[in-house]
Amino acid sequence: MCQLRQGDKFKLNDSQTWWTADQFVELKDPKLGLLRLHLWRNFHFQQSAKIKMDLIQVQRLNEDAVNQFKPLWLAWVGMDMPELSEFWRLYLRRFTVDHWYRFALASLHWTLPKLSTPEQCESWSDLLPLMTWQLGKARDIVRPARRRRVSRRRRRAFPKGG
């Protein structure tokens, strides 16, 4: 539940509590179709009245302009919010960033090294995007190496520790 400083409640799941949006944009995305974005400014949560945020509702509509999906609610906390029509494209980039973080943590072992200083951590974190970029560039010239699987029976034939 969000509210203005004056105390008017705005419930995301109750359109009766919504007032006229401060900004409204309708646009056609080549992949997603017709999108309708509403922006309400200067909200805060009851527990954090000093932190302002803007609320954005994204609706994906069918060709008849009927809402066919559950609306997506987003919040913007920060200095300058981009134009509402550009905001949607920036939000879609988030998925690429999320997947990169997952890859960096799981495959590149981002948090594995036990580094001593903040400078070492920063250097390691600066190297990760460069490694990712080089791996991506090398993808076409490197043949995938397949590991040879050893059956359980053959594993038992080798003594442990030797």
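The values are calculated or read from the model by the stated rules, or taken from the named source; none is laboratory data. All figures in this text were calculated on a predicted structure; none of them were measured in a lab. Cβ: placed from backbone, ideal geometry, glycine included. Neighbour counts: every protein chain shown. With ligands, DNA and RNA removed, areas are computed over all heavy atoms of the protein, side chains included. Shrake-Rupley method; radii C 1.70, N 1.55, O 1.52, S 1.80 Å.
Structural remarks
- Apportionment of accessible area to carbon and sulfur, the stretch 42-143, percent (1.4 Å): 58
- Local electrostatic count at Leu39 - Lys and Arg +1, Asp and Glu -1, tallied over other residues with Cβ under 14 Å: -3
- Prolate/oblate/rounded call for the stretch 55-104, Cα gyration tensor, a/c under 1.5 rounded: oblate
- Surface exposure of the stretch 14-82, expressed per residue as accessible area with a 1.4 Å probe, stands at 66 Å².
- Dividing the convex hull volume of the alpha-carbon atoms in the stretch 15-95 by its residue count gives 121 Å³ per residue.
- Nonlocal amide H pairs with Trp110, under 5 Å, H built at 1.01 Å: Leu105
- Oblate is the label for the stretch 1-135, because a/c, from the alpha-carbon gyration tensor with a ≥ b ≥ c as root eigenvalues, is 1.5 or above and a/b does not exceed b/c.
- Pairs with C-alpha atoms separated by more than 21 Å, drawn from the list Lys28/Lys70; Lys31/Lys70; Lys11/Lys52; Lys9/Lys50, do not occur.
- From phi via Karplus (6.51, -1.76, 1.60), per-residue ³J(HN,Hα) for the stretch 9-21 in Hz, x at Gly/Pro: 7, 10, 9, 4, 8, 10, 5, 5, 8, 7, 10, 4, 5
- Antiparallel bridge percentage (DSSP; both residues within the stretch 18-72; nearest 5): 100
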